[in-house]
Amino acid sequence: MGMGKRLPRSLLTSLVHPLQVQRVLRPAREVPMLNNLAVLFNIAQPDYNPDRISQHLRSLARDGQVWNYMPGVYLFKSEMDSITARKSIKAENFDGYIVLNFDPAESDGDLPELAWDSYLLNVFRDDADRLFSRYNLSHDEIKQINQMIAERSDKSNA
């Protein structure tokens, strides 16, 4: 077709009508509520098996990410609440533990940078800004910290 020529309206109508898509209203996709769970195991239990525990808790965690820097302490995000998680853990015949729901933005402590990086970057990345805001950091400072964490993570994964 040369420049300036238009398709006849009847041709446009015949092309469009068979392809018209009916608008279907669907309910809004429900975003699952994520709970921040801490499972603390008694490592003095004779049957304490960290590999088996880690494997099971990864199956409960969002994206399989579980923070386990300290023996017996497992932190993760899950669609399960603490009661459902406890039932799942109990079904696997684990003993000597407690399941808690907690707010990562209210956490604080004295750990090596690598432990904090994995805590914030891998498991609780959604909560990092809330945690940093407790220290009255500016948006730019928070951005710098997130960039620094990501760079350290890239180096440790290399």
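The GluC sites (Glu not before Pro) of the range 69-158 meeting both criteria, a DSSP state outside H, G, I, E and B (loop) and at most 13 other C-beta atoms within 10 angstrom of the site's C-beta, are 79, 92.
When the square roots of the Cα gyration tensor eigenvalues are ordered a ≥ b ≥ c, the ratio a/c for the range 69-158 is 1.5 or more and a/b exceeds b/c, which makes its shape prolate.
Just so you know, the averaged projected area of the alpha carbon convex hull for the range 105-158 sits at 3.6 nm².
For a modelled paramagnetic label at residue 154, 7 Å from Cα along Cα-to-Cβ, no residue of the range 110-128 is in reach, as no backbone nitrogen comes under 11 Å.
Applying a DSSP loop filter and a limit of 11 other Cβ atoms within 10 Å to the chymotrypsin sites (Phe, Trp or Tyr not before Pro) in the range 71-158 leaves 135. Spin-label model, residue 44/residue 135: points 7 Å from Cα along the beta carbon direction are separated by 3.5 nm.
Shape call for the range 32-102 from the C-alpha gyration tensor, a ≥ b ≥ c root eigenvalues: rounded (a/c under 1.5), prolate (a/b greater than b/c) or oblate?
Since a/c reaches 1.5 and a/b is larger than b/c, the shape of the range 32-102 is classed as prolate.
Just so you know, all these numbers are worked out from the coordinates, no wet-lab data involved. What you are looking at is a predicted structure, and each value in this text was computed from that prediction instead of being measured. Here Cβ is always computed from backbone atoms with ideal geometry, including for glycine, and neighbour counts include all displayed protein chains.
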